[in-house]
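The values are calculated or read from the model by the stated rules, or taken from the named source; none is laboratory data. Bear in mind that the values here come from a model prediction, so they are computed numbers and not experimental data. Every residue, glycine as well, gets a Cβ built from its backbone with ideal geometry; the counts of neighbours run over all protein chains shown. Remember, those area values only see protein heavy atoms, side chains included, never the ligands or the DNA or RNA. Shrake-Rupley method; radii C 1.70, N 1.55, O 1.52, S 1.80 Å.
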Amino acid sequence: MATLDLDWEDVREQLRTWREDNTRHSEEVVDMWDYCLKHYKHKLGDERWMVEEQVVVAGLDCYRLDVAEPSLVALNDQFPGSLRVRKLKAMRLEALERFDEAMDIYDSIIRQDETNSTARKRKVSVLRGQGRITEAIKELTEYLKIFMSDSEAWQELCDLYLKEADYSKAAFCMEELILTNPHNHLFHTRYAEIKYTQGGLDNMEIARSYFSQAAKLNPNNVRALYGLFMSCTQVLSSSKMSGPKKKETQQLATWALKEISDRYSKCRTNTMDGSKILETFKSLSIMDKA
């Protein structure tokens, strides 16, 4: 890529679009800045500083400190003492694996502004990256006391609890997500998977219900169909099942298996043959458990 290959105004528009969409495209940002836009930054006006910040983050993502550091210096000169610039300095320290120094900066930002969500999230990221899962859970729990509607934070907390095999608390996180977004089939699927993992008849019945709801919300969710079939199979294996309930579950499992079979028959190719998978499912012999 050469400087002449790119029009600086087109590059500016592209970077602006990525900022508005809240997407990084770090490698592209670094290339566009390095080969083109840095030579025209004097034409950007006040937008230059948003671009410089974007470049710092992209450079750190790609470990291109040669790109990130000049922009960081320019931002620091323009906005001395800015919390956003201090956050970028801490991210640079993270890239250099000077985590304790980065944490000190994040702590100082939080002391100055308790509602600074970015600094709190960066702390969680640092702790998780160092394998300090218990501390990350504690930090994220404190964060959610302030930002209770942050769905990404609830998903992250669920992941952390799963790493600790604390399935009941992971399930609670997914319940919060389902309450805020009841039409998200992925949330229903994940909650069902957690209840399935917990085991026991009660949890299997809950898993069956949520796998069924996920499949209803998105009929193309094959993962939910698999889960529905497996949870029905587990429920049918229980001796505590009543006759009518067992028949209903049996019908549901048969339907799920048929739906899975239809999906494989539609997408079967020379390189992918689902027949062996379907044979494995059929060998579970649901009818034998009636």
Practice item. Could you grab me the full set of residues in the range 200-243 that are of a type in the set (Gly, Ala, Ser), touching a residue at least 12 places away in the same chain (Cβ under 8 Å) and over 20 Å from Met174 (Cα atoms)? Key: Ser237, Ser238
Check your understanding: So which residues in the range 251-269 are under 22 Å from Tyr191 (Cα atoms) and either of a type outside the set (D, E, K, R) or touching a His at 6+ places or on another chain (Cβ under 7 Å) (or both)?
Key -> Leu252, Ala253, Trp255, Ala256, Leu257, Ile260
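Based on this model, can you work out whether Arg86 counts as within 22 Å of Ala136 (Cβ to Cβ) and in a helix (DSSP H, G or I)? Lay out the reasoning, then the answer.
Working: within 22 Å of Ala136 (Cβ to Cβ): yes; in a helix (DSSP H, G or I): yes.
When the stated conditions are applied, Arg86 passes them.
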Practice item. Can you run down the residue pairs with Cβ atoms below 6 Å, 6 or more apart or on separate chains, where the first is in the range 7-26 and free of Cβ contacts under 8 Å to residues at least 60 places away in the same chain and in a helix (DSSP H, G or I) and the partner is open to solvent by 60 Å² or more (accessible area, probe 1.4 Å) and among the aromatic types (Phe, Trp, Tyr)? Key: Trp8/Tyr40
Review point. Mind checking whether some residue in the range 118-132 is within 27 Å of Glu47 (Cβ to Cβ), polar (S, T, N, Q) and free of Cβ contacts under 8 Å to residues at least 60 places away in the same chain?
Key: yes
Check your understanding: Taking the range 27-59 on its own, how many of its residues are surrounded by 18 or more Cβ atoms within 10 Å (Cβ to Cβ), over 16 Å from Asp7 (Cβ atoms) and without any contact (Cβ under 8 Å) to a residue 12 or more places away in the chain?
Key -> 1
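Go through the range 190-208 and report how many residues are open to solvent by less than 30 Å² (accessible area, probe 1.4 Å), out of contact with any Leu (no Cβ under 9 Å at 6 or more places or on another chain) and either outside any helix (DSSP H, G or I) or farther than 14 Å from Lys245 by Cα (or both). Don't jump to the end; show me each part of the working.
Initially, the range 190-208 is screened for residues open to solvent by less than 30 Å² (accessible area, probe 1.4 Å), giving 191-192, 194-195, 199, 204, 207.
When the remaining residues are screened for being out of contact with any Leu (no Cβ under 9 Å at 6 or more places or on another chain), the result is 195, 199, 204.
Filter once more, keeping what is either outside any helix (DSSP H, G or I) or farther than 14 Å from Lys245 by Cα (or both): 195, 199.
Residues that pass the stated criteria total 2.
Determine, yes or no, whether Cys62 is in contact with a Ser or Thr (Cβ under 6 Å, 6 or more places away or on another chain) and either open to solvent by 40 Å² or more (accessible area, probe 1.4 Å) or closer than 17 Å to Met91 by Cα (or both). Show your work before the answer.
Numbers: in contact with a Ser or Thr (Cβ under 6 Å, 6 or more places away or on another chain): yes; either open to solvent by 40 Å² or more (accessible area, probe 1.4 Å) or closer than 17 Å to Met91 by Cα (or both): yes.
In short, yes.
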Review point. Looking only at residues in the range 65-90 that are within 17 Å of Trp33 (Cβ to Cβ) and among the hydrophobic types (A, V, I, L, M, F, W, C), which one is most open to solvent (accessible area, probe 1.4 Å)?
Key: Val73
Review point. In this structure, does Arg132 turn out to be farther than 30 Å from Asp7 by Cβ, within 22 Å of the chain's Cα centre (by Cα) and buried (at least 17 other Cβ atoms within 10 Å of the Cβ)?
Key: no
Exercise for review: Assess whether Glu152 counts as being of a type outside the set (Lys, Arg) and over 27 Å from Thr233 (Cα atoms).
Suggested key: yes
Review point. Does Lys123 meet the test of being out of contact with any Asp or Glu (no Cβ under 7 Å at 6 or more places or on another chain) and either among the basic types (Lys, Arg) or not in a helix (DSSP H, G or I) (or both)?
Key: no
Check your understanding: Among Leu186, Leu252, which is open to solvent by 60 Å² or more (accessible area, probe 1.4 Å) and in a helix (DSSP H, G or I)?
Key -> Leu186
Practice item. For the range 126-154, name all the residues that are part of a loop (DSSP other than H, G, I, E, B) and within 20 Å of Glu94 (Cα to Cα). Key: Gln130, Gly131, Arg132
